[in-house]
Each structure stands twice: as structure tokens, then as C-alpha cells.
Amino acid sequence: MRVGTGYDVHRLSEGRKLILGGVEIPFEKGLLGHSDADVIVHAIMDSLLGAAALGDIGQHFPDTDPAWEGASSIAMLAQVGRILEEHNYMIENIDSTIIAQRPKLMPYLPQMRENVARALKLETDQVSIKATTEERLGFTGSGEGIAAQAVCCLIPLMDLVTDDIVMSGGGCGGCSGCAERI
Ligand code: MG
């Protein structure tokens, strides 16, 4: 099992859409960024890449690359899911928190969870997205920006194979490889 953490902040600015967890939320400001600036999805992507020690989103989706200008972060998340698959990782669960004074996010959280789960081919109950304020303190409290943090748990597929062999009594009986791996 491998654990990863992610953290991100974007500035709130007029004339931008507010996209969080792939949901467009009615608000007078939106988050500023090269992509759609979906801060919670960015934190989740960094936790996933971090757990696999595969760098961060800045390396995979550089903000100097026009391909990612205005890009959907949910599409980027699906790509992170494919990268993890290629490296033989399974996602066990994700927990995350959006830190924003306003707007009220509770009504949108179920749809955000569904969007993230679908992009990563997970069940919705493997994805938790919560929201909190910082009691009007700091840059989130003043409404200058929104922050997000995430943790996740990955399972290397090789661990599953090994566990299975141990649980089943030490080998499939068909080859000598199993015993050697144990
Ligand atoms: Mg970001």
C-alpha cells in the first residue's frame, strides 16, 4: 500500500468560471489558472502521482504547454488514471477537502464525487470530497483564493498477487515461480 498527499491553491478572480470537481458552480468569481483551475482535482492528481512517486501535475501537464490552456482538469485526471494503470497501480480510495469561505459547496459535493470516480473508473464510495471554511481567516477566509488538499491510497498490483498467493496457502501449484516470490 502506498499513500500520497496533494495540496493546491488558486486565486479567485472575476471573469472566470468556478469549476470544482468538474462541476460548474454559480458564483461571482472563478479560479484563475492555465487550465480550468479545478483546484480540488489538481490536489487529487498530485496525491495520486505522489503515492506512485511519479512526479507532480506540473511535470505531466506543464502550464507552458498550450495543449492544457483552458483544459478540463477532469480529462487530465483521467490521464493520471491511465498513467497509474500503466504502472500497475490500483486506487483504493481518495479523501479530499476543499477550503473555501464561499460559496456553499455542500449541494455540489455528490456530483463532484461522481465526476472524479467516473474519470478514474472507481466506485463513488471510493472517493470522498468534503468542504470546510477557515472561519474567515487567511486567504481563503478573505475570499482571495480557494485551497484544496487530498490523500489517497494506492495498491501496487504485485501486492495483490503476492497476498493472493499467501492467502491461498503458498502457491498455485502449477509453477515454481510462486514459491520463489514468497
Ligand atoms: Mg493547480
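Here are the numbers for the structure shown:
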| item | result |
| --- | --- |
| Between helix 157-167 and the chain: long-axis angle, C-alpha atoms, 0 to 90°, nearest 10 | 40 |
| Convex hull volume of segment 58-120 per residue (C-alpha atoms, cubic angstrom) | 121 |
| With DNA, RNA and ligands ignored, accessible area of Thr97 (1.4 Å probe; Å², nearest 10) | 20 |
| Equivalent ellipsoid semi-axes - Cα gyration tensor, segment 1-72, angstrom | 23, 14, 9 |
| Dipole of segment 66-163 [Lys/Arg +1, Asp/Glu -1 at C-beta], most positive-end residue of Val80, Gly145, Leu160 | Gly145 |
| Proximal lysine pairs, the chain, alpha carbons under 16 Å, eight or more residues apart or interchain | 4 |
| Proximal charge balance of Ala52 [Cβ under 15 Å; K/R count +1, D/E count -1] | -4 |
| Neighbour net charge for Arg2 - beta-carbon separation under 13 angstrom, K R +1, D E -1 | -2 |
| Segment 70-174: radius of gyration and largest Cα-Cα distance (Dmax), Å | 18.4, 65 |
| Quarter of Cα convex hull surface for the chain, i.e. mean projection, nm² | 11.8 |
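The values are calculated or read from the model by the stated rules, or taken from the named source; none is laboratory data. Bear in mind that the values here come from a model prediction, so they are computed numbers and not experimental data. Don't worry about glycine lacking a Cβ; one is built from the backbone with ideal geometry, like all the others, and counts go over all protein chains shown. When the accessible area is computed, the model is the full protein with side chains, heavy atoms only, and any ligands, DNA or RNA have been set aside. Shrake-Rupley method; radii C 1.70, N 1.55, O 1.52, S 1.80 Å.
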